[in-house]
Structures are given as C-alpha cells and as structure tokens.
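**Student:** Below: one structure in structure tokens.
No lab work stands behind these numbers, since they all come straight from the coordinates. Computed from a predicted model, the values in this text were never measured in an experiment. Positions of Cβ are backbone-derived with ideal geometry, glycine not excepted, and every protein chain shown enters the neighbour counts.
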Amino acid sequence: MFYIATNPFLDAYNDSDLLGKMIFLGLIFLSIISWSVIIYKAWMTKKIKSDSASFRKQILENSIKDVHTWPSFSKKHEQNNAFCHLYEVLKKNTIELLDINKNVPLTTSDIDFLSMQQLLQRQTITKLLEKHLYILSTVVTLAPFLGLLGTVWGILNTFSGMQSQSQNIASNAQILAGLSLALTTTVIGLIDAIPALIGYNVLRNKIFEFDHEMQRFSCEMLSSVELQYKRAEGL
C-alpha cells in the first residue's frame, strides 16, 4: 500500500495538467494495444504452427497415392489449419486439371500452374499472419515521440515555474510537477516502445520460419503429385 501511495508515475499523473494527463493516457493506451497484439499474434502463430505440424504428420504418414482418394476435411478445419488449406487447394486444382485433361498425365505447365497456386495460397496465409503487425511498428515509432512530447511539455512547465515572480510553494510544486512529467513520460514511452520492437521482430521471424515450413510442405505434396501424374516428356 505504501508503494502504491508513493508511486512516481501515479504522482506525476496526479500533478500534471490536462495536456500532461492526455499524454499519460495516450501512452497507456498504446501499451494496452501493443500488448494485446503481441499476446494475440503469439498465441495465433503458435496454434497454427502446432495444428499444421500435426496435420503434416498425419498426411505424410498415410503415403496416399491417388489424388482422388485423398481424404477431405471440413471447411472449419481448413480455415484453422494452414497446411490443410494448402492441401485442399492442391487436391482441388489437381483433380480439376486431371478432369480437363481427361485423366491424361499432367504436363510441365500443369505442374507449374499447381506450384503457382500454392505460392499464392502461401502468400495469402502469410499476409493473414502478418495482419495487425503494423500496429507494433507504429507503437515503436509513436511511443518515444509521445514520451518526448511529455518531456518537452514538462520542461516548459518547469521553466514557467522558475520564471514565476513569487517564489512560493505553488511555484515550487509547479517546477517539481514539470520535472516529474518530463521524466516519467520519457520512461513510459520507452517502456511502450521496447516490448513492441522485440515483439514485432520475434513475430516477424516466427512468421518467416513458418513460411519456409509451408514451402517445404507444398514441395512435398507437389512432388507426390508430380511423381504420380506428370507426363514423361521428351521420351
């Protein structure tokens, strides 16, 4: 209770003027938004990676040959699993090509088409994972500037108190409040920016690694289709 009563951040907020309070609230808002994005995206990325790894193990262990016999999954399962989405898109496109070609083996251009479709789907999933990450990069840039605004405003209040004609208790309190505002907003701005920067870089790295995992899974599935259905050309 004593710590709460003498908390420098709380004291600085209580002693600041209207603009100072608005800067404090802005920094707190940025912190809440930043941590919400970090926690949600970290949970989302971890869940997608875990579900996709389980799906990959399940599919590749079956050693399914004929694409027409590949098992189907529900739309809900596909939406919540990146690998399942890639699998379903490849299955759908391969069957359509085989039907168009009247079950004639696929050509190199057909395989290239399937590969391009897989690339487009991977890019869509990656963009979904990267959605809202711009908020963290915005916090990284905005929070220190907002803290700097509080610093400058606190220093201005300090000089205003020092230039007061009557050196009384009220002016001394104004000087101390200005210094407190300047220091605490600087600290809070950095406290906002540093976790946002770390979270942004960590999440981008995890998404980058998962994109490589999707690429490897796509190559494995495409290789299975190519070995089974590609026409032996030039022979």
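**Student:** So what are the ³J(HN,Hα) numbers for the range 8-16, from phi and the Karplus equation (6.51, -1.76, 1.60; θ = phi - 60°), rounded to whole Hz, Gly and Pro as x?
**Tutor:** x, 5, 5, 5, 5, 5, 5, 8, 7
**Student:** Additional query: Sorting check: for 135-145, 176-186, which peptide has the highest mean count of neighbouring beta carbons within 10 Å, and how do the rest follow? Walk me through the intermediate numbers first.
**Tutor:** Values: 135-145: 18.5, 176-186: 21.7.
The packing order, highest mean first, is 176-186, 135-145.
**Student:** Same structure again: Let me confirm the definition first: pairs of Lys residues in the range 81-146, 8 or more apart or on different chains, C-alpha distance under 24 Å. How many are there? Numbers along the way, then the final one.
**Tutor:** Numbers: LYS91/LYS102; LYS91/LYS127; LYS92/LYS102; LYS92/LYS127.
Within the range 81-146, the lysine pair count is 4.
**Student:** Amide H neighbours of THR107 under 5 Å, at least 5 residues apart or on other chains, H built in the peptide plane: list them.
**Tutor:** ARG231
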